[in-house]
1. Which whole-angstrom value gives the distance between the alpha carbon centres of the stretch 28-59 and the stretch 241-277?
2. Order the peptides 337-344, 558-565, 571-578 from the highest to the lowest mean number of other Cβ atoms within 10 Å of their residues.
3. What percent of all Cα-Cα pairs in the chain falls in each 10 Å bin, counting up from 0?
4. Mind checking the stretch 369-465 for chymotrypsin sites (Phe, Trp or Tyr not before Pro) that DSSP puts in a loop (not H, G, I, E or B) and that have at most 11 other Cβ atoms within 10 Å?
5. Tell me, His170, His144 in order of fewest to most beta-carbon neighbours within 10 Å?
6. Going by alpha carbons, how many degrees (0 to 90, nearest 10) lie between the helix axis of 509-519 and the longest principal axis of the chain?
7. Add +1 for every Lys or Arg and -1 for every Asp or Glu among the other residues with Cβ under 12 Å from the Cβ of Ile581, and state the total.
8. Let me know the shape class of the stretch 297-362, please: from the alpha-carbon gyration tensor, a ≥ b ≥ c as square roots of the eigenvalues, rounded when a/c is under 1.5, otherwise prolate if a/b is greater than b/c, or oblate.
Amino acid sequence: MNIINEISEIISEAFEKCGYDKNLGKIALSNRPDLCQFTCNGAMAGAKLYKKPPLAIANEIVEKIHSNEVFDCYKEESALRKDIFSKIEAVPPGFINISLKNEFFENYINKIKSFDDLISQKFSDKIILDYGGPNVAKPLHIGHLRSAIIGESIKRISKALGYNTIGDIHLGDWGLPMGLIITEIKERYPNLVYFQDNYTPSESDSLPFGIDELNEIYPTASSKSKLSDEYKLNAQEATKKLQNKDIGYYELWKKFVALSIEDSKKIYADLNVDFDLWYGESTCRDYIQKLVNTLIEKGITYESEGALVVDVKTEEDKLEIPPIIIRKSDGAQLYSTTDLATIMQRIEMFDPNQIIYLTDNRQSLHFTQVFRCARKGEILPNKTKLEHIGFGTMNGKDGKPYKTRDGGVMQLSELIKTITEKAYEEISDRISNETTEKEKREIAQKVGIAALKFGDLYNHRSRDYIFDMDRFISFEGKTGPYLLYNTARINSIIKKTGSDGGRIRIFSDTEFDIIFKILFTEDIILRSFNEKAPNYLCEHVYEIASLFSKFYSESNIINEESEEIRKSRISLINLVKEVIISILDLLAIEHVDKM
Ligand code: ARG
């Protein structure tokens, strides 16, 4: 069920009956709701095609509909159909303004038994969503937040539309940082089994350090390599040895990768983000040779300063697009190599229709190069679309990337802790006395994460935004806590009213507004999916919640005398609750039952 499509069909048929192209009959939501609910500007487009004044065409269409002529596509229900318009008129210069009767919306809304009934269009394409993208042995920091939050939401939105979506974290676990880590471990623990000649793996092999030391090893190694050429060479050598699967290095690497994954899993769980696949850059290692051979056989590679490269620039480029490096002069594999080989692997394993990558805008050149090389090398079928979804950065109030107080990179664990504590302070006064301390902590966690996530998702992903904790955590305005507070409130109202409702009818303007908003949820979901931009859903759920507040303050429910009105309102608030919770779920924000 989709109202826009359904009404478009009727208008299209009128266009056809008047001898015009039926595609002109597509309608859209009006941007002047004070004048009408929908508009069709097909007569404007038709004017050029048929060399007639647009208003004349619009008038013909309106007359056709007023003529009550039976519309073929609705033969059976035609009596009802022709009576659905409360207004349909042609207005200069040639628009058709349309509004529908309340009964029409009432009929629709009463058919909605669950959120899923609001989604009429189902797709079946297979999509791989590459998001998260943390790097092994580097604690998750602020730079990883947006990919996780936006990616998780897009995954859920696409699943709701029926897409067969696979979320892959694509860990950074194969490049030079791995060589740096191994080099530093070797300096600290030269006698470890992994470094012995003739090493053979055994069950009892372990690591001599925990996650805190691992997280400190990488930055130490990275700064050492900047000061010493020898250290850097060792790291490059270690990277190559690992990539060639030296058994000791490989086993050691497996161990610290596992330790690092275990650590980041906790933070992703706090953020309500989860992945179907925990693959990494390394997962494609068996495809690398095949990739290189394919590109060479295609005749598109050449040597440049010892490296193997492919030209990817085109004549239309306004900016210089440098060649992509497939293999470095020392034989090592790069970020671009693994991204290309991963495409080959994903095609072979999953045969997806689309692969979507979520990283910040700064990686757009990298993906342009990778996508062009993949097409040029024909390593994927034409049907498979590749798309990079870039996003802006989260900034501090100074407009620069958000930092800790002492100017360092803010780790996600710290950020989550800070905002959860702030949420705890905020809810402490509001929450009822019967709530236990444990429950309070759980609610604070959900409120804090909702504040963080909604604050991020509310902005169109392509833009930078300012992390303003006080505003994000506020219970008023367009915030996560406002929405959670309202779901808890609806919940407590439902506890009093019960869920024994009846047929939903429209008794007030606000009820109409709520129903109208809810019925257009699918269009918002589609828009969010098409633009890969969950902010439209954020705005939508906020509008529903604030309309609910208005409705609740101006209408009687429990003590409403008319049974018909009371039952209708009970059903309506139950539906509102379902819709708000389901949209929050698409944003991967958990709701609370009480607050
Ligand atoms: N690990 C990368 C980074 O930290 C992000 C990975 C994104 N995915 C990809 N297939 N390149 O920048």
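Derivation of every value follows stated rules applied to the coordinates shown; laboratory data play no part. These numbers come from a predicted model, not from an experiment. Cβ: placed from backbone, ideal geometry, glycine included. Neighbour counts: every protein chain shown.
1. 58 Å
2. On the way: 337-344: 24.9, 558-565: 11.4, 571-578: 21.0.
In descending order of packing, they fall as 337-344, 571-578, 558-565.
3. Using 10 Å bins, I get a P(r) of 3, 14, 20, 21, 18, 12, 7, 3, 1, 0 for the chain.
4. Sparse-neighbourhood loop chymotrypsin sites (Phe, Trp or Tyr not before Pro): none present.
5. Ordered by Cβ neighbours within 10 Å, fewest first: His144, His170.
6. It works out to around 50 degrees.
7. -3
8. Numbers: a/c = 1.70, a/b = 1.24, b/c = 1.36.
Because a/c hits 1.5 or more and a/b fails to exceed b/c, the stretch 297-362 counts as oblate.
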